[in-house]
1. Cα centroid distance between segment 114-173 and segment 26-97, in Å?
2. Using only helices, what value at 222 nm comes out for the chain when you add -39,500 (n - 2.57) per DSSP H run of length 4 or more and divide by the total residues, to the nearest 500 deg cm²/dmol?
3. What does the charge add up to near Lys70, with Lys and Arg as +1, Asp and Glu as -1, over the other residues with Cβ less than 11 Å from its Cβ?
4. Want the number for Asn113 to Lys76: 0.36 nm per residue separation, take away the alpha-carbon distance, what's left?
5. Kirkwood hydrodynamic radius (Cα pairs, Å) of segment 97-146?
6. Please give me the summed charge of the neighbours of Tyr153: other residues whose Cβ is under 9 Å from its Cβ, Lys and Arg +1, Asp and Glu -1.
7. Residues with amide H under 5 Å of Val122's amide H, sequence separation 5 or more or different chain, H placed in the peptide plane at 1.01 Å from N; which?
8. Taking the inverse of the average 1/r across all pairs of different Cα atoms in segment 17-75, what Kirkwood radius in Å do you get?
Amino acid sequence: MYRTFIFDLDGTIIDSEMIGLYALQATLKEKGINKSIDELHFSVGIPGLRTLEILNIADIPTTLESWLEKEKPLMKNVPLFENIIEVIAQLPKAGIVTSQTAAEMNNSFYLLNIDHYFSSIVCACDTEKHKPNPEPLQLGLKRLGCKAHEAIYIGDSKYDMACAQSAGVDFGLAFWGAKTLTGFEGADYIFETPNDILKLITNNKLDHKV
């Protein structure tokens with residue numbers, strides 16, 4: 001049985017991905033760059049700074065600030081996925097490893113007053129390298145006093161899965177956020193709903209292992 005359950009944030013705990021994508025799209029449009037949401041979906045799961053580097057944005061600091069300002073009022077009311085906190089409250093130990101920066105988390109996650117459910121929170125400001133590199137998850141394991149084989153990382157993006165695999169940690173797909181199985185053939189578990197996670201601690205059969 002796993003001792004520790006580590007979660008991604010966007011698209012796994014909070015339903016924020018479309019907020020970020022629409023804010024990015026609007027920011028780019030102001031700079032004369034027209035991108036569809038599908039074209040920007042690659043950014044889900046990686047830090048905003050890296051996203052703007054991939055897009056070859058010339059003035060990254062100003063653009064990033066504009067993006068965050070557009071997100072800020074929307075993130076104040078960001079919804080939690082149904083039952084996710086009720087599930088996390090029943091787990092032996094929980095942590096977060098996210099690509100959000102500290103500033104982004106102050107504008108969203110910490111406003112929800114749920115941080116007390118987590119024994120460790122690793123954000124993009126805590127490491128030099130980011131997902132899919134294993135460094136953020138390795139730091140999370142260290143802070144939680146947990147070995148790789150004792151933990152599972154639950155997320156909704158391919159970056160999350162690659163991060164877990166590189167760190168030697170089992171990966172569970174948050175299907176409620178990912179909404180697709182394509183590209184997740186390497187996942188150890190497919191969780192259709194947050195309640196499925198509890199089957200790992202109640203010894204009930206989990207039918208979704210792949």
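1. Centre-to-centre distance over Cα atoms comes out at 18 Å.
2. Values: 10 runs with 79 residues, N = 210.
Helix-only estimate at 222 nm: -10000 deg cm²/dmol.
3. Within the 11 Å Cβ shell, the charges total -2.
4. Details: separation 37, 0.36 × 37 = 13.32 nm, distance 1.17 nm.
Full-extension gain reported as 12.1 nm.
5. Numbers: mean 1/r = 0.0885 Å⁻¹.
Taking every pair of different Cα atoms in segment 97-146, averaging 1/r and inverting gives 11.3 Å.
6. Charge balance in the 9 Å sphere: -3.
7. Close amide H contacts, sequence-distant or interchain: Ile96, Val97, Thr98.
8. On the way: mean 1/r = 0.0890 Å⁻¹.
After inverting the pairwise mean of 1/r, the radius is 11.2 Å.
Read the figures in this text as sums done on the coordinates, not as results from a lab. For clarity, every value in this text was computed on a predicted model and none was experimentally measured. In this analysis, Cβ positions are derived from the backbone assuming ideal geometry, glycine residues included, and neighbour counts consider all displayed protein chains.
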